Each structure stands twice: as C-alpha cells, then as structure tokens.
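Below you'll find the structure, written out as structure tokens, and then a few comments.
Nothing in this text is a laboratory measurement; each read-out follows from the coordinates by a stated rule. Only a predicted model underlies this, so the values are computations on that prediction, with no experimental measurement involved. Cβ coordinates were reconstructed from backbone atoms using ideal geometry, including for glycine residues, and neighbour counts include every protein chain displayed.
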Amino acid sequence: MSGPALDALPPLREVLSEHGLLADKRFGQHFLLDLNLTRKIARLAGPLADALVIEVGPGPGGLTRALLAEGAARVVAIERDPRFIPLLEEIQAVSDGRLVLVQADALRVDEAALAVEHGPGLRPLIVANLPYNVATPLLIHWLTGPFRPAAMVLMFQKEVADRIAAPPGADAYGRLSVLAQATADARVAMTLPARAFTPPPKVDSAVVVLIPRADAPAGPRLAALERVTAAAFGQRRKMLRSSLKPIGGEALCRAAGVDPGARAETIDIAGFLRLADQLTS
C-alpha cells in the first residue's frame, strides 16, 4: 500500500500550478486529478502486488500515484511530453524504486522488452488514461501485437468505449468491436463525465476492462480477420457479397456459412472468424 512519503505529495492541481503546466491539445491531454477516481480505476485491474503495470500518458501522475498507492510491484510510465518528466520524477523519488519512467512515443515502444527488463516474473498489465488522439491505434496495437498483457484497463472517449463493447446489430458495432471481442473479453466498467477532467473534454469518457482470450486468433488467422473486417466494414452499407468481393465475395461467405446478403453489422464474432478461417484455408 502507499507509504507516508507518497501520501505527503501535494495535490495535483497545486503541482500543475507550481510548474505552470496546462494540457496540450496536440497530445489529446485531459487530466484526471481526483485521486478517489484514479484509485477506483487502479482497483479495476485487480490485486497489483504481483503486477508490472505499464501506464501510457501519465501526464501529471494522477493514475500513477493511484497505482503505487494500490500496491503495484512496479509501474513503468511511458510519457512523450517532456514537460511532465519533472513532476513524475517527484513521484518516482518517493516510490521506493517501484516507478520507472520512460520518455518515449508509446506507439514505438517494445512493451515485451520493458516487461522483461523491469518486471521479470511479474504479471504484466496495461492501465492507462489514454491520450485521445492515439487511443484507438494503441488499442489495436495491443490487441494484435506480440505483447500479451494479463489484462488491460483503459480509458477512452465514451463513444470509442461503446464501439469496443458493442454487440452485433448495435449502431456502434464495427471493426473495432470485432477485433476487440475476438481477442479479449471486453466490458465497459465505469463512465466518467467530462467535468471530472481538467480541462473538460467535449465528451464523456469510459473505462474498458479487457482480458485477453486464451483462444484469441493469432498469426495468419488474425491477419485474415483484420483483412476481412477491413473489407466488410469499409463498405458497411453494402451486402457482404459486394463488400467482400475483392477477397472472395459470395463464395467466401457460403463456404463460411455466412449469409452473403447480410451486412457487416449483423455478423457476430464467430461468423467473422469463420470468414477469416476460409480466407486462410
């Protein structure tokens, strides 16, 4: 749990004011400064005593503090904006060696190498209040890349969170829904109003918990799923016989047991996986 030195850190608003820092729209920054809320988010990841937590975009460190306070064995915070490194170093100084700072672009980081270097034997997790402008590319990178965390607890704009967890037939159901749910069990665990952030964004946010599936598609099967969903949802108002025509169209659908007259938003995850399997057969 948190030690007295961590508890003695000044409030985040005070720290930001002292350093004269404001959110930078270029990086999609919106700060969550309420430590009660950040601790709730940290607890969604489960017990942290045996965990290496990778956090992306810590900013002034609200969630970073919460993860340490909740007992994370090690936190690796990846921050691109150099303005926040001094603030994070203040947290690092009272973290009993549990906080590692990496100044880098998260889209270019090798998470598996970080886990081996800083937390061998620990359970790897990703917990982050993601910068809005890179949230979706990062999620797809983690869902389809070689790094396999035990769980991910991620904050998105609510619209994106709804797309991740949407069932077939819902307005929000799309390519992101299929990729997320084929590779992980996904649920929206918490919604936060815009007023909870500084500065308030124009939309509400939501926290999604993703637990990677043991039977998640990988290798050529995953590549085929990405190809099928790109074609199907790239022309989502068309019937599959038309939208999938470049990769097999009606014949592919019939081989997979999928109605070629259906539209992409009505096909469930199992249907898309059968299409992917036929594409690789």
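Of note:
- In degrees, nearest ten, helix 219-234 long axis to first principal axis of the chain (Cα): 80
- Among beta bridges that DSSP assigns inside the chain, antiparallel share in %, nearest 5: 45
- Compared with the dominant principal axis of the Cα atoms in the chain, helix 269-280 is inclined by about 70°.
- CD proxy at 222 nm, helix term only [per DSSP H run n ≥ 4: -39500 (n - 2.57); per residue of the chain; nearest 500]: -11000 deg cm²/dmol
- Cα-based shape type of segment 188-281, given that a ≥ b ≥ c are square roots of the gyration tensor eigenvalues and the cut on a/c is 1.5: prolate
- Under the convention that each Lys and Arg Cβ holds +1 and each Asp and Glu Cβ holds -1, the size of the dipole of the chain around its Cα centre is about 1060 debye.
- The order of Glu89, Glu250, Glu70, going from fewest to most other C-beta atoms within 10 Å of their C-beta, is Glu89, Glu250, Glu70.
- Global form of segment 4-212, assessed from the alpha-carbon gyration tensor, a/c cut-off 1.5: oblate
- Sorted by Cβ neighbour density within 10 Å, fewest at the top, the residues Thr144, Thr280, Thr229: Thr280, Thr144, Thr229
- Rounded to whole Hz, the Karplus (6.51, -1.76, 1.60) HN-Hα couplings of segment 84-98, x for glycine and proline: 8, 4, x, 5, 5, 5, 5, 6, 4, 5, 10, 9, 6, x, 8
- Residue order, fewest to most surrounding Cβ atoms within 10 angstrom, among Tyr132, Tyr173: Tyr132, Tyr173
- Oblate is the label for segment 105-234, because the ratio a/c of its alpha-carbon gyration tensor axes (a ≥ b ≥ c) is 1.5 or higher and a/b is not greater than b/c.
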